[in-house]
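What follows is one structure encoded as structure tokens, with my remarks underneath.
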Amino acid sequence: MENTTKGLGPEQQQQLLFMMLIQQHEQIAGMGLGRIPNPVTNKTETDLQSAKYAIDTLVMLQNFTKGNISSDLNEFLEQTLTRLRIDYARAVSDAKRKSEGAAKPDTGSTEASTDKPDPDQSGSPGKPDPS
């Protein structure tokens, strides 16, 4: 860490630490979403609860720092949250499709179901549950 902050002023060090905190939670969420291999097992695993916790932690951080961080840091946090929310919504949708596919017997029909909209075309990725 000392090499990373060498030559930076106190304010710049704080900004760098804040960005690193955001990136740490982004990586935790990425592991939970199955995008990043687990460094212990070196396997890609999906743990949506872990991903949701990391995203919710960043939302809490955003709420607590509102108006107290630079516009650059706020934009970085907002962009990170937007990407994670989209990825989370896709992962939840994929998991739901997989569980529905496993629960329904294959009827051999190739006709697409029209009773549910395609979540990839809905235009709104949704947000993780705030609880």
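The values are calculated or read from the model by the stated rules, or taken from the named source; none is laboratory data. Fair warning: this is a prediction, and the values are worked out from it, not measured in the lab. Here the Cβ positions follow ideal geometry from the backbone for every residue, glycine too, while neighbour counts run over all protein chains shown.
Data for the structure
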| read-out | value |
| --- | --- |
| Among residues of the range 36-75, those that are on the phi > 0 side of the Ramachandran plot and among the acidic types (Asp, Glu), counted | 0 |
| Hey, Ala95 surrounded by 16 or more Cβ atoms within 10 Å (Cβ to Cβ) and touching a residue at least 12 places away in the same chain (Cβ under 8 Å) or not | no |
| Matching residues, the range 51-76, being closer than 20 Å to Arg35 by Cβ and touching a Leu at 6+ places or on another chain (Cβ under 7 Å) | Ala51, Ile55, Leu58, Val59 |
| Neighbours by Cβ (under 7 Å, 6+ apart or cross-chain): first from the range 15-44, touching a residue at least 12 places away in the same chain (Cβ under 8 Å); second among the polar types (S, T, N, Q) and in a loop (DSSP other than H, G, I, E, B) | Gln15/Ser70; Met31/Asn38; Gly34/Thr44 |
| Selected residue (only one of Phe64, Phe76 is out of contact with any Gly (no Cβ under 9 Å at 6 or more places or on another chain) and either surrounded by 16 or more Cβ atoms within 10 Å (Cβ to Cβ) or over 30 Å from Glu11 (Cβ atoms) (or both)) | Phe76 |
| Top-ranked residue of the range 1-53 - restricted to ones that are part of a loop (DSSP other than H, G, I, E, B) and aliphatic (A, V, I, L, M), ranked as nearest to Asp87 (Cα to Cα) | Ile36 |
| Which listed residue is at pLDDT 95 or above, assigned to a helix (DSSP H, G or I), among the charged types (D, E, K, R) and touching a Leu at 6+ places or on another chain (Cβ under 9 Å), from Arg83, Arg90 | Arg90 |
